[in-house]
Amino acid sequence: MGRMVIVLVVSMGVVFSTGNLNMMTNDLAATENAVEAYSKTLAQNIANSGVELALSKMTLDPKWKAGWGSKVMAQGYNKVLILPVDDEHKRVYSVGVFNRIRHIVKALVQKQGPLTYVEGAITIASDKTQFDINGNAYRVDGKDNQPGGGMGTGAPVLGIAVRTSGMVSSLVNSLSEQQKDNITGRTSAPSIAKYKKNWDVNGIAALWKQRATRTLTGTKYTGNTTYGTLSNPEIVYSDHSIEIGGNIRGAGILIVEGDLTLHGNFYWEGIVISTGGTFMVSSGNPRIYGAVLITGEGDDGMDEEFVDSNGDPTDPGLPGGHFDVDIFDRPTTKELFHQHQWDDKYGPTLDILNDHLLLFRRIVGSKQNLTVRFRHADKASGRYQIIADGQNIDVSGSDFTRNGSSDFFVATGLSNITRFKITLDNLAIMRGTQPKVVQNDVSLRDNSFTVFVYDQFGNFVWEMPLYHHIKKDKGDKDSDDDDSGHGMGGGSNDDNDKCGGKGGKKGGGMGGGMGRGGSHHGKMDHSGGSDPNGCCCCKGMHESKGMGGCKDKDKDKDKDKDKDGCKDKDKDKDKDGCKDKDKDKDGCKDKDKDKDKDKDKDKDKDKDKDKDKDKDEEEGSGSDTETTIRINGNPGFYYSQTAINTVLEKLNLVEWKIVKYYE
C-alpha cells in the first residue's frame, strides 16, 4: 500500500512537471513571438525614419546625396543610400535594424515646390496683354545661361510664355521682322508660345512674401546697393509700385506687388515677380539671369482650359460658383495665404498634408500629439479622411456635423500623420461671404467652415477657413450678392444715400432699400420680384421696382425728401414720393423717360452685363486683367537654371517628398 502511494505521488509529480515544462515552453514561444513582432515594428520605424531624415537633409542641402553607412537610431541603427534618377527625382533606400531584425524601405522622391521649373525666360500670366517693344537692342533668351556669361547644360525653355493662343498671335504681330529674332529659346524665333502649366503668379508671390528678408518702402531706388548674392540670396519685397535703376544689383527673389520699372544697369540673378499689371524697361541695360513672372493685380491665373470659345470663364470646380481658402498660424486678421477660386484651379479636394500651398508641413512641422477641430461643420459636406498611427477617420455624408454638433474635435493625440484630406461636394451649403470679412473676423471667421490644428499643449498652430466667395455690389456696404437663396437690398431704414444690393440669382430677392433706404435694381427672375408700390427712380435690370424709395438719378442739392426717401429736384411729388406728375398704377413715370420701354430695357440689360464683366474688387479675384509690357533700351532677359535652382535651394523653397514606395 505504501509503495503504491509512493508510485502514485511520483507519477503525479512527473505529470505536473511535464505540464509545467510545456507551459513554460509555450510561454517562452509566445514571448519570443512578441519580441520578434516588436523588433520588426521598431526596425520598420527606423527604416521609415531614415527616409524622412534623408528628405529633411536633402531639402536643407539639395546637393547632399551621400547618405550614411550606419547611424544609431532608437537603440538600433539605420543605413541610407541615395541614387539620382534625374533633376527632379531620386531613389532613397533605407535599412532599419533592431535586435538583428532588418526592414528595408525603398522610396521614389521628387523635388516639389511652387516653382521647381519655369516655362519661359519671361512668363506672362494674364488674360490680355498690351505689348510695346521699341528698338532692336533687347534680348530674351530661353536657352540655359550661366549668370554673368557662358551657357549651361539645362534644357531650353520658351523665350516668352503666355496664357492664350490669341496672346501669342498678338505679341508676334506686334514685332517687326528685325525684332523677332531677338526672342530665342526652345522653339524657333520668335520663341513665343502658350504655356502648359496653370501659373498662379499671385499665389506664388503671396506665399513667398511671407519669408521676405528685406522690404522696400520707397518708390525709387538707384545707387550701388546690393541685395543678396547667389551664395547668400535674399527675398526682397515691395507691396507697391517701384522704380529700380542705377547700379542696383542682387540675387534671390524680387517680388513687387505693383508696377515695376527698370532702367540703368540693374542686374539680378534669380527670380523677378511683378503683379501690378505694368512691367517696363524705360532705358538703359538691365540684365536678369533666371526668370521673370508677370501678371496683373487680381488676376486669377486662369488658363485657356478654363474659358469657353468666347473667352468667358467656365466653372471647372463645384457647380454654381467657387470657394476660397485662407491659411492662418495664429488668431490674426493677416492671412499667410489666400486662394481665390480654389476649386476652379485645383479641384474640390484639399490635400492638407502634402499641398505646399496650404503650409501645413511648414507651419506644423514635426509636432506630434496633434488635435484637429472642425467649427461650423454644418457649412461643409463631402468627405474628410485622416490617417495617423493606425487611426483611420474616414467620413462622408450630407454635412460634416457629428452627433448634431457643428463644433467638435475630430481627433486627438495624432502623430505621424500620413493622410489629411478634405473633399467638398456641395457649394450651396457653404457660408457665402467675402474674404476681407472672414479675415477681419478673428473669433468666428464669419461662420465659415474652419479647420483648426492644436499642438499637444493645446496651442492653436494652424487654421483654414473655407467659404463660398460671393461678389459684393459696388457702393453697397450692407448687403452681398448671394448667388443662391433670397438676397435682400442693402440700404437700411436710415441709409438715404445708399443703394440696395442685388437679390439672390435664384429668385426671392428684393431689389432696393427697405424703408427710407436707397435703391437698387430688382430683376424678376434673378434679383427677386418688384414691389408694385415702390418708386422707380433709378434704372436697373428690367427697370423693376424695389421696395421703398429710390435715389433720383437727377439728384441735386435740394434736401427736401418725401417719406419714402426719394429726392425731387422739382419738389413736385405725389403721395408716393415720385417726381413725375403722370403716375400709373405701378408707381410713377419719369417725365423725361423714353416712351420706348423695351429699348430702354435692352440698354439697361447691356449696362448690367458690362458691370458684371468688371473686375471683382475683392483681393485675388477678377479674371480679365490686362497687363502692359513696355521694353525700351538694351535690356537682357536670360533664362538661367543655375540661378533659379541655387536661389530656391539656398532659400529652402523646395522640398523633397515621397512619390511612391517600392516593394
Revision key, fill the gap. Requiring at least 2 residues that are modelled with pLDDT under 85, the strands (runs of 3 or more DSSP E) wholly within the range 363-480 are 391-397
Practice item. Check Ile271, Ile253 and return the single one that is within 21 Å of Trp199 (Cβ to Cβ), in contact (Cβ under 8 Å) with a residue 60 or more places away in the chain and out of contact with any Asp or Glu (no Cβ under 9 Å at 6 or more places or on another chain). Key: Ile271
Check your understanding: Do any residues in the range 205-230 that are under 30 Å from Ile327 (Cα atoms) have Cβ atoms under 7 Å from those of residues that are part of a helix (DSSP H, G or I) and open to solvent by less than 80 Å² (accessible area, probe 1.4 Å), where the two are at least six apart or on different chains, and which pairs are they?
Key -> Leu207/Leu357
Revision key, fill the gap. Within the range 253-281, of all residues that are within 17 Å of Arg211 (Cα to Cα) and in contact with a Lys or Arg (Cβ under 8 Å, 6 or more places away or on another chain), the one modelled with the highest pLDDT is Ile255
Check your understanding: So which residues in the range 133-171 are aliphatic (A, V, I, L, M), farther than 17 Å from Asn634 by Cβ and surrounded by 15 or more Cβ atoms within 10 Å (Cβ to Cβ), if there are any at all?
Key -> Val157, Leu158, Ile160, Ala161, Val162, Met167, Val168, Leu171
Review point. Of all residues in the range 410-432, which are β-branched (Val, Ile, Thr), over 14 Å from Asp394 (Cα atoms) and either in contact with a Gly (Cβ under 7 Å, 6 or more places away or on another chain) or surrounded by 17 or more Cβ atoms within 10 Å (Cβ to Cβ) (or both)?
Key: Ile429
Practice item. Say whether the condition of being touching a Phe, Trp or Tyr at 6+ places or on another chain (Cβ under 8 Å), over 18 Å from Thr646 (Cβ atoms) and in a strand (DSSP E or B) is met by at least one residue in the range 52-66. Key: no
Review point. Would you say Asn45 is modelled with pLDDT of 75 or more, in a strand (DSSP E or B) and under 23 Å from Ser415 (Cβ atoms)?
Key: no
Study note, to complete from the structure: Looking across the range 172-200 at residues that are open to solvent by 60 Å² or more (accessible area, probe 1.4 Å) and of a type in the set (Asp, Glu), the single one that is farthest from Thr229 (Cα to Cα) is Glu177
Practice item. Take the range 134-153 and flag every residue that is basic (Lys, Arg) and either part of a loop (DSSP other than H, G, I, E, B) or modelled with pLDDT under 90 (or both). Key: Lys143
Check your understanding: Given the structure, is Ser56 closer than 29 Å to Leu651 by Cα, among the hydroxyl-bearing types (Ser, Thr, Tyr), surrounded by fewer than 16 Cβ atoms within 10 Å (Cβ to Cβ) and modelled with pLDDT of 70 or more?
Key -> yes
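The values are calculated or read from the model by the stated rules, or taken from the named source; none is laboratory data. Fair warning: this is a prediction, and the values are worked out from it, not measured in the lab. Positions of Cβ are backbone-derived with ideal geometry, glycine not excepted, and every protein chain shown enters the neighbour counts. What goes into the accessible areas is simple: the full protein's heavy atoms, side chains included, and nothing from ligands, DNA or RNA. Shrake-Rupley method; radii C 1.70, N 1.55, O 1.52, S 1.80 Å.
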